[in-house]
Amino acid sequence: MAGRLKMDRRDFLKTGATGLGGFAVLHANVTRPPDAPEKFESTRILGRSGIRVPIVSMGVMNTDNPQLVRAALDAGYVFFDTAQFYQRGTNESMLGEVFKGRPRNSFIIESKALMTKDQQTGNYGPDVTEEAFTKKIDVSLKSLQLDYIDIYYHQHAWTKEATLYEPILSALQKAKQAGKIRWSGVSTHRNEPEVINAAVDSKVYDVVMPAYNFRQQHTAEVQQAIARAAASGLGIVAMKSMGGNRGGAYHSAQIDAKAAIKWVLQDTNVSTVICGFTTFDQMTLGLSIMKELTLTASEREYLRDTSLEAGWYCQGCGVCIGQCVSRLPIPDLMRAYMYVYGYRNVVAAQDLVLSLALPDDVCGRCGACAAVCANGWALQDRIRDIARLRDVPPSFVA
């Protein structure tokens, strides 16, 4: 995914300084009130938080390069997304070092905590407590070396029950009251409409982060849920905008990344798109999107044609789980498969696979696979392939 850089850092910063069209002015005014005049198309209001955010923000999951993050800050990016388990806990720590010494109102940081759930039902057991989630928040604060985190997410919920799980809601509310976080959110990779609507009904969450892209087969339902959430005052932060592209998220031979991101931003209810930049060129692409959002006729035609291809993106429909003799968590396994073959992030894929408590002999009891994929994938082959990561020492891929 990283690829060869075509410009050095000095050239990039020259491009960035002009490419934002004055966007860097937000550095000193990240928390300006919602009624402040919006001078640039490159910003939108993040729901009831009232803060203006760039329409393109940096996801740090796939990079461990602090110089890249510093370059993004210097160029005018102000919104950064991480999670406690990214890069086995080192991602937050890396960002903490980068942010050290910078004015606290010059950047927005969001992080997330993932709790163990039943892989078949998606719901939590009694071991997931308010205290356990609160400890996650405290660890993130320590790693980031901050007094507060702007947005903290209940990560990867995919049922209404999990989204409304009272111990986690209570932990988020108390953390907000204590000043540890400013706003609370929930993120979801699958069953997005149910999670988004539950977030609205909770009256607790301030932000939702759904997977949202042109390859989703239930786009209308996702858009309807997003519209309801935005109308109720929730901020919408979109992710997975590339739809699991082959060859890496920004691999130009496989997808027009600019068109994919612009497609999401045609929905004005979306405040910002989290994009996993790993090179200076990719960050420059983000700057260009901030200047011009209109989809060209060729981009529309391209997206229409490409939407018929599955790429590496699992729809998360869950139908395959009920068909699987072993009730394997196939959507999560397909997400791990995307992390390897799409993102080239073997660490994230292995961590996900190891968290799933798979049986020793994956697919060993089966002849022909009974599970049928909506994307037409040969599920048994992909499951056996990605399950091999269990046999690789974690230190080898770190």
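The values are calculated or read from the model by the stated rules, or taken from the named source; none is laboratory data. Since this is a predicted model, take the numbers as computed values, not measurements. Virtual Cβ from ideal backbone geometry, glycine too; neighbours counted across all protein chains shown. Areas reflect the complete protein model, heavy atoms only, side chains present, ligands, DNA and RNA absent. Shrake-Rupley method; radii C 1.70, N 1.55, O 1.52, S 1.80 Å.
Just need the relative contact order of the chain here, percent rounded to a whole number, with Cα pairs under 8 Å and 6+ apart. Please list the in-between numbers first.
On the way: 727 pairs, mean separation 67.7, N = 398.
Relative contact order here is 17 percent.
For residue 166 and residue 294, compute 0.36 nm times the residue count separating them, minus their Cα-Cα distance, and round to one decimal in nm. Provide the component values of the computation, followed by the final result.
Working: separation 128, 0.36 × 128 = 46.08 nm, distance 4.19 nm.
Stretched out fully, the residue 166 to residue 294 stretch lengthens by 41.9 nm.
Suppose R0 equals 30 Å. What FRET efficiency, 1/(1 + (r/R0)^6) with r the Cβ-Cβ distance, do residue 88 and residue 145 give to the nearest 0.05?
On the way: r = 18 Å, r/R0 = 0.61.
My answer for the efficiency is 0.95.
If R₀ is 22 angstrom, what is the calculated FRET efficiency for the pair residue 218 and residue 354, using the beta carbon separation as r and rounding to 0.05?
Using R0 = 22 Å, I get an efficiency of 0.15.
Would you indicate which of (i) 19.1, 60; (ii) 20.1, 63; (iii) 29.2, 138 is the value of Rg and Dmax of the Cα atoms in Å derived from the coordinates of this structure?
Evaluating Rg and Dmax of the Cα atoms in Å on these atoms matches (ii).
Rolling a 1.4 angstrom probe over the protein heavy atoms, how many square angstrom per residue are accessible across the chain? Walk me through the numbers on the way to the answer.
On the way: 16040 Å² over 398 residues.
Heavy-atom accessible area per residue stands at 40 Å².
Could you work out how far apart the two model spin labels at residue 104 and residue 304 are, taking each label as a point 7 Å from the Cα in the direction of the beta carbon, and quote it in nm?
5.1 nm
When the accessible area of the chain is split by element with a 1.4 Å probe, what percent falls to carbon and sulfur? List each step's numbers first, then the result.
Values: 8210 of 16040 Å².
Carbon plus sulfur share of accessible area: 51 percent.
So what are the three principal axis dimensions of segment 91-174 from its Cα atoms, in whole Å, longest to shortest?
Dimensions of segment 91-174 along the principal axes of its Cα atoms: 44, 23, 18 Å.
Just how many % of Cα pairs in segment 280-333 lie over 14 Å apart, if you round to the nearest whole percent?
Values: 1022 of 1431 pairs.
Of all Cα-Cα pairs in segment 280-333, 71 percent lie more than 14 Å apart.
Using just the Cα positions, wrap segment 129-247 in a convex hull and report its mean projected area in square nanometres, one decimal place. Don't jump to the answer; show the numbers that get you there.
Working: hull surface 31.7 nm².
Taking a quarter of the hull surface, the average projection is 7.9 nm².
Debye calculation, C-alpha points only, no solvent: report log10 I(q)/I(0) for segment 272-398 at q = 0.11, 0.12, 0.19 Å⁻¹, in the same order as the q values.
Each listed q maps to, in turn, -0.52, -0.60, -1.09.
Where a Cα-Cα gap under 23 Å defines reach, which lysines qualify for residue 258, not counting those fewer than 8 residues away within the same chain?
Partners found: 6, 14, 39, 240, 291.
Just for the chain, what percent of DSSP beta bridges are antiparallel, to the closest 5? If you can, show how the numbers build up before the last one.
Details: 3 of 29 bridges.
Once the DSSP bridges in the chain are tallied, antiparallel ones form about 10 percent.
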